[in-house]
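One structure below.
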Amino acid sequence: MNYNSTRSAQTEYTVDKSMKAMLQGISPDGGLFVPEAIPTISAENIAKMQGMSYQEIAYEIMRLYLDDFTQGELQACIDKAYKKFTHPEVVPLHKLDGGVFMMELFHGATSAFKDVALSILPHYLTIALDKSGESRDILILVATSGDTGKAALEGFSDVPRTGICVFYPKDGVSDVQRLQMETQQGGNVHVAAVRGNFDDCQTAVKHAFLNEDMRAKLGDRFMLSSANSINWGRLLPQVVYYFSSYAKLLANNEISMGDSINVVVPTGNFGNILAAYYAKQMGLPIHKLICASNMNNVLTEFINTGVYNANRQFHLTTSPSMDILISSNLERYLYHVSGCDHDYVNKCMDDLKQKGEYKVSDSILSAMRKDLYGGHLSEDDVNATIKSTFEQQGYLIDTHTAVALGVHTQYVRETNDNRKTIIASTASPFKFNKAVANAINCPINGTEQEIMQKLSTAANVSIPQNLASVFSLPQRFDTTLDKDALPSYIIDAVK
Ligand SMILES: *Cc1c(COP(=O)(O)O)cnc(C)c1O
């Protein structure tokens, strides 16, 4: 299948294989790769998914887009990625009151939803390197504010022909996040702290990417990549769980084939909700894609007014993975909703870059509003949602998931649309333990280890193994770098 750039129709920016789209990550014109056509799946074939494992459904979805992989190659990627999940169903559903089902995306290696894609991407890349005749290995450089770095380390750990260097801000991650990274296993992983805050760290990594001396020394041994969330290989794995969850609702007689459902996604970079949009375009009966934001409500305003305005106050919230003002995957949605209008996307992205703002036409706004509903939640309402869900239904949710659940409540109040709904539950409550404990009035004066223990007792749920074990694993990395010391660290690390 061809993958086009969102910004240009010229053939020089089109690639003819998914592997090329994944290895390149981003098109040379600055656009994102999108499949030339969105394949569809018939109602009959969706119904058949009731009898399939998560891995089998993954194969049925992925093969449609990754037609340059053999069956054996793709199945090997899927098996390696999802055998690491601790739940036998990989992504189970938990039923709550009112026709709401929590789609638990947090049973992977780091207890958050990015594991679903970052567990498989490294295996896609290894095969892409081998098949494309590329002689260099791939070296991933990541600047992280906490969670993505750990998920990437776990995903790439000991995957052949890959290496990964993760940098985090010395003063910007929680104790557990730091320990998770410092104790990472694997012969091809490297971790260092950078003096300063997350911006300093991100800038240092950007400069490292451009450092000529380092590039010359890495030379013909490595190609550099960032494995970030705009890579097609990170988006595609997320399409799968919308299908597998629908199939579970069918199998449990919660719906009949063809019944439409709503999907609520706590949104930051617009990746997860875009995957739901692809599922809908492929034929999955989704009525509304409900885009849930925290106080950084740039997307809510966009969906309601057609104005995307990133010039606004930035809020630090208890759902940090959604503290984002520029949702990079929105570009792909704009491309599709504008009828693949490259010029239109270009104009919008240009305005965003120049003025921090763009406005879509009335016709695009009304097309958007057919697919999407946007809402946002205050921090008080996030806490109240965690508390009431715990007290009334005995189910503990994390802060990101609470944003989604709370926005769904608003949506139902406003529309009376109470069809069956899937809520993307993106992290284990133990991962954001302080905020969650605070919301349910559990004392938070203690270490994170103690807070997790208290949560575990209060909710009668065990702490995920990866979070419980981090306090006793040996520390492997303890380097702290100045901002300009990354290139020499990287050269040394991969010697
Ligand atoms: C990344 C992340 C999100 C946001 O997902 P996007 O694909 O960036 O919209 C939500 N919740 C958690 C826990 C995350 O890690």
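Each value in this text was obtained by applying a stated rule to the coordinates, not by laboratory testing. Just so you know, these numbers come straight off a predicted model, no measurement behind them. Virtual Cβ from ideal backbone geometry, glycine too; neighbours counted across all protein chains shown.
What does the C-alpha gyration tensor say about the overall shape of the chain? Classify as rounded when a/c is under 1.5, otherwise prolate if a/b is larger than b/c, or oblate.
Numbers: a/c = 1.33, a/b = 1.09, b/c = 1.22.
It is rounded, given that a/c, with a ≥ b ≥ c, falls under 1.5.
When a/c is below 1.5 the answer is rounded, else prolate if a/b is larger than b/c, else oblate, so apply that to the stretch 205-336 with a ≥ b ≥ c taken from the square roots of the Cα gyration tensor eigenvalues.
Numbers: a/c = 2.69, a/b = 1.53, b/c = 1.76.
Oblate shape, in that a/c is at least 1.5 and b/c is the bigger or equal ratio.
Using the number of other C-beta atoms within 10 angstrom as an exposure proxy, rank T6, T148 with the fewest first. Don't skip to the answer; put the middle values down first.
Numbers: T6 26, T148 20.
Ranking T6, T148 by Cβ neighbours within 10 Å, fewest first, gives T148, T6.
Convert each backbone phi in the stretch 151-156 into a coupling constant with the Karplus relation 6.51 cos²θ - 1.76 cosθ + 1.60 (shift: θ = phi - 60°), then list the ³J(HN,Hα) values in order as whole Hz, x for Gly and Pro.
Values, residue by residue: 5, 5, 4, 4, x, 8 Hz.
Once you list every other residue whose beta carbon is under 10 Å from the beta carbon of G146, what net charge do they have if Lys and Arg are +1 and Asp and Glu are -1?
Working: positive: K150, R178, K431; negative: D147.
Counting the neighbours of G146, the net charge comes to +2.
At 7 Å along the Cα-to-beta-carbon direction for both N252 and S462, put a label point, then send me their distance in nm to one decimal.
Placing both labels 7 Å beyond Cα along the Cβ direction yields 2.3 nm.
Among bridges DSSP assigns within the chain, what percent are antiparallel (round to 5)? Kindly include the intermediate steps, with their values, before the conclusion.
Working: 12 of 48 bridges.
Given both bridge residues lie in the chain, the antiparallel proportion sits at roughly 25 percent.
Enumerate the calculated ³J(HN,Hα) couplings along the stretch 76-88 in order (Karplus 6.51 cos²θ - 1.76 cosθ + 1.60, θ = phi - 60°), each rounded to whole Hz, writing x wherever the residue is Gly or Pro.
Result, rounded to whole Hz: 5, 4, 5, 5, 4, 5, 9, 5, 7, 6, 8, 9, x.
Shape of the stretch 355-495 from its Cα gyration tensor (a ≥ b ≥ c, root eigenvalues): rounded if a/c is under 1.5, otherwise prolate when a/b > b/c, or oblate?
Details: a/c = 2.77, a/b = 1.25, b/c = 2.22.
The shape class here is oblate.
Would you pull out the residues with amide H under 5 Å of H376's amide H, same chain only if 5 or more places away, H placed 1.01 Å from N?
Sorted by chain and number, the residues that satisfy this are S293.
Give the order of S472, S119, S388 when sorted by the count of other beta carbons within 10 angstrom, beginning with the fewest.
Details: S472 8, S119 27, S388 16.
Ordered by Cβ neighbours within 10 Å, fewest first: S472, S388, S119.
For the stretch 207-281, what's the relative contact order in percent, using C-alpha pairs closer than 8 Å and at least 6 residues apart? Write down the numbers at each step before the final one.
On the way: 31 pairs, mean separation 25.2, N = 75.
Answer for the stretch 207-281 is 34 percent.
Over the stretch 340-438, what relative contact order in percent results from Cα pairs under 8 Å that are six or more residues apart?
On the way: 73 pairs, mean separation 22.9, N = 99.
Once normalised by length, the contact order is 23 percent.
So what is the relative contact order for the chain, in percent, with contacts set as C-alpha pairs under 8 Å and at least six apart?
Values: 925 pairs, mean separation 90.2, N = 495.
So the answer I get is 18 percent.
Can you tell me the FRET efficiency between Q449 and V494 if r is taken as the Cβ-Cβ distance and R0 is 35 Å, rounded to the nearest 0.05? Please report the intermediate quantities before stating the final value.
Working: r = 34 Å, r/R0 = 0.96.
The calculated FRET efficiency here is 0.55.
Nearest-5 percent of antiparallel DSSP beta bridges in the stretch 81-197? The partial results should precede the final answer.
Working: 3 of 15 bridges.
Roughly 20 percent of the DSSP beta bridges within the stretch 81-197 come out antiparallel.
Only helical DSSP H runs with n ≥ 4 go in: add -39500 (n - 2.57) per run for the chain, normalise by residue count and round the 222 nm mean residue ellipticity to 500 deg cm²/dmol.
Details: 22 runs with 226 residues, N = 495.
Taking each H run of at least 4 residues, the total per residue is -13500 deg cm²/dmol.
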